[in-house]
1. Which of the lysines could be linked to Lys55 by a straight reach, that is with a Cα gap under 16 Å, when you skip same-chain ones fewer than 8 residues away?
2. Per q in 0.15 1/Å, what log10 I(q)/I(0) does a Debye calculation on the alpha-carbon atoms of the stretch 44-191 return?
3. In whole Å, largest first, what are the principal axis extents of the Cα atoms in the stretch 294-357?
4. Rounded, prolate or oblate: which one fits the stretch 386-439, using the alpha carbon gyration tensor with axes a ≥ b ≥ c (rounded when a/c is under 1.5, else prolate when a/b beats b/c, else oblate)?
5. Can you run the Rg to Rh ratio on the stretch 82-162? Use alpha carbon positions and the Kirkwood inverse-distance Rh.
6. D for the stretch 375-522, whole µm²/s, Stokes-Einstein with Kirkwood Rh over alpha-carbon pairs at 20 °C and 1.002 mPa s: what number?
7. Which value, in debye to the nearest 20, gives the size of the charge dipole of the chain about its Cα centre, when Lys and Arg are +1 and Asp and Glu are -1 at the Cβ?
8. Which value results for Rg/Rh of the stretch 558-641 when Rg is the Cα radius of gyration and Rh the Kirkwood radius based on the inverse mean 1/r?
Amino acid sequence: MGLNLAQKIIKDHLISGEMTAGSEISIRIDQTLTQDSTGTMAYLQFEAIGMPRVKTKKSVAYIDHNTLQAGFENADDHKYIQTVASKHGVYFSRPGNGICHQVQLERFGVPGMTLLGSDSHTPTGGGIGMLAIGAGGLDVAVAMGGGPYYMTMPKVCKVTLNGKLRPWVSAKDIILEVLRQLTVKGGVGKVIEYQGEGLASLTVPERATITNMGAELGATTSIFPSDEMTREFLKAQGRQSDWIELLPDADAAYDQELTIDLGCLEPLAAKPHSPDNVASVNEIGSIKVDQVAIGSCTNSSYMDMLKVAQILKGKTVHPDVSLVIAPGSKQVLNMLAKEGALADMVAAGARILESACGPCIGMGQAPATDAVSLRTFNRNFEGRSGTKSAKVYLVSPETAAASALAGVLTDPRTLGEAPSVKMPDSFIINDNMVVAPAPEGTDVEVVRGPNIKPFPLNSELPEQIGGAVLIKVGDNITTDHIMPSNAKLLPFRSNIPYLAEYCLTPCDPEFPKRAKENGGGFIIGGSNYGQGSSREHAALAPLQLGIKGVVAKSFARIHMANLINSGILPMTFVNEEDYDRIKEGDALVLENAREQIKAGKELTLRNRTTGSLIKVQTALSSRQVDIMLAGGLLNYTKKQA
Ligand code: MIC
Ligand code: SF4
């Protein structure tokens with residue numbers, strides 16, 4: 001039996017484990033990326049591990065999230081990251097150089113390599129044929145130190161794209177269709193692998209839109225083959241020598257298959273408040289729009305921006321709409337300026353933002369009360385925009401631009417002839433905003449601002465863990481609920497005690513207070529608990545508040561790994577009805593915790609309030625059992641050393 005793409009790359013990088021879906025494997029990591037909102041913590045942890053230099057082929061630290069400098073905090077963190085990166089052998093992408101995933105694709109990604117990033121949209125690199133995976137900062141720190149990355153061997157779902165997109169329909173509509181079919185839970189435990197004749201007409205940046213938003217499926221990653229298109233892109237980036245051909249074997253097997261006829265797709269939108277709440281723009285109808293935001297790591301490539309500029313050219317943004325545009329990288333912005341497209345955007349009334357995440361992570365541009373905001377981004381979770389009552393719709397750049405002109409949600413097909421945009425033969429190449437690390441052995445002084453506070457460290461798992469149920473939440477709770485991010489909180493990503501005061505407050509403002517009064521306890525979750533971001537702050541803040549365990553119907557992959565890394569026990573109900581039998585305030589206890597965790601997968605929790613016994617499972621590998629017993633990955637790693 002032949003191998004599919006994911007299996008080929010995994011096989012090439014396998015360090016331990018059996019390549020059968022569901023078993024724990026570990027792989028060698030070639031490249032890592034960090035960004036500033038998770039990076040501070042990742043480098044603090046890298047320092048705690050105590051390695052002098054990174055051991056990867058290339059590690060890059062980006063500044064793209066926390067670029068609003070309303071106080072000293074973000075600027076201090078940038079200095080810390082720049083100096084710590086230089087000292088330990090990490091390239092530093094300066095603020096203004098662009099969004100990590102866009103820049104990594106343009107300048108560093110290599111087909112066939114593995115990439116681990118402390119950001120859930122790291123799978124963007126799958127657009128260029130990498131096995132690119134998002135993880136918590138500590139996992140990335142370990143990988144920078146040359147340690148293996150442990151993961152569950154994924155199933156592989158093949159998505160065959162047939163035919164060709166019609167005018168005005170674009171890559172964003174493809175991934176929205178996949179989300180419509182598979183939902184935000186449909187990719188859990190899987191790699192989504194794209195095949196089919198439709199690939200011939202999809203350029204690398206378009207493929208990257210699809211792999212980027214594959215994160216919203218809960219998938220481990222998504223991947224396209226490395227073919228002629230990939231070669232053309234790398235050539236245009238002056239990196240043809242990085243190209244290799246990488247295709248699945250003709251007789252490769254897949255665990256699941258899906259076929260999409262590109263010619264049947266129409267402009268789609270994800271309605272509030274979930275990326276899988278998809279309907280066609282026509283079905284939704286011409287609702288009034290207050291804000292349009294174009295950019296983010298999903299849709300900010302040069303070609304996306306050119307299309308937008310062509311649509312806006314010679315027209316004026318509707319007087320009731322605020323149009324903001326953030327080109328994905330300095331390369332994109334530079335080319336738009338040179339070609340005159342930037343002038344067309346500005347003339348039409350667009351507000352141009354720096355090349356960064358910006359409004360996607362609530363760093364500015366929060367919409368007005370009850371506003372409708374159309375965004376070319378990948379997440380529309382409630383409140384993520386910075387305005388709880390805002391209604392965010394996720395759309396393609398074409399739909400966004402057409403709607404910005406009309407003032408209402410608009411099917412771009414009503415605009416007549418579609419913009420014609422081709423991938424350039426060569427991009428402007430100027431890496432002067434990437435600072436190479438200091439040569440080995442050079443003394444670099446790491447600058448630490450007063451905002452950097454020690455992070456919480458767990459201790460060895462005790463014989464018994466007990467405490468009250470501090471909160472009970474429903475399905476699909478995101479990390480944006482657990483550890484909200486916005487312009488006010490993001491500057492405190494290196495200050496866990498401060499952040500903890502906001503933990504789970506979108507679900508219950510009293511949660512942090514209650515957790516502290518009770519000296520910690522348990523969280524009860526529904527299914528897909530912890531979907532979304534890779535932020536380990538969603539585990540570290542609960543740790544700070546004394547959370548000992550989370551019992552849920554199911555967990556999202558990265559969050560579950562972050563809980564284990566923090567030494568917080570993730571448990572799932574054996575019988576889901578038990579979820580209904582637990583109430584907030586109930587006292588739970590896991591007796592003989594160490595023995596139970598060592599002995600096996602099924603554990604018994606006692607509900608002291610009702611007297612009942614609750615069967616729960618832990619899907620821990622033997623290595624993860626040791627991590628839990630040691631009180632988290634950092635303690636475990638130190639113990640190993
Ligand atoms: C996001 O899109 O939610 C982020 C901000 O990029 C996060 C990282 C973070 O929380 O810092 C992600 O997706 O991992
Ligand atoms: Fe940045 Fe948004 Fe992409 Fe996250 S999803 S990396 S916040 S642009």
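1. Lys87
2. -0.91
3. 29, 23, 16
4. Numbers: a/c = 4.96, a/b = 1.54, b/c = 3.21.
The shape class here is oblate.
5. On the way: Rg = 14.1 Å, Rh = 14.1 Å.
Looking at the stretch 82-162, the ratio lands at 1.00.
6. Numbers: Rh = 21.0 Å.
Translational D for this selection: 102 µm²/s.
7. On the way: 61 positive and 67 negative charges, 168 e Å.
For the chain, the charge dipole is close to 800 debye.
8. Details: Rg = 13.8 Å, Rh = 13.6 Å.
The Rg/Rh ratio comes out at 1.01.
Throughout, read-outs are computed from the coordinates displayed, never taken from laboratory work. In this text the structure is predicted, and so the values were computed from the model without any measurement. Counting neighbours? That spans all protein chains shown, and the Cβs are built from the backbone with ideal geometry, glycine included.
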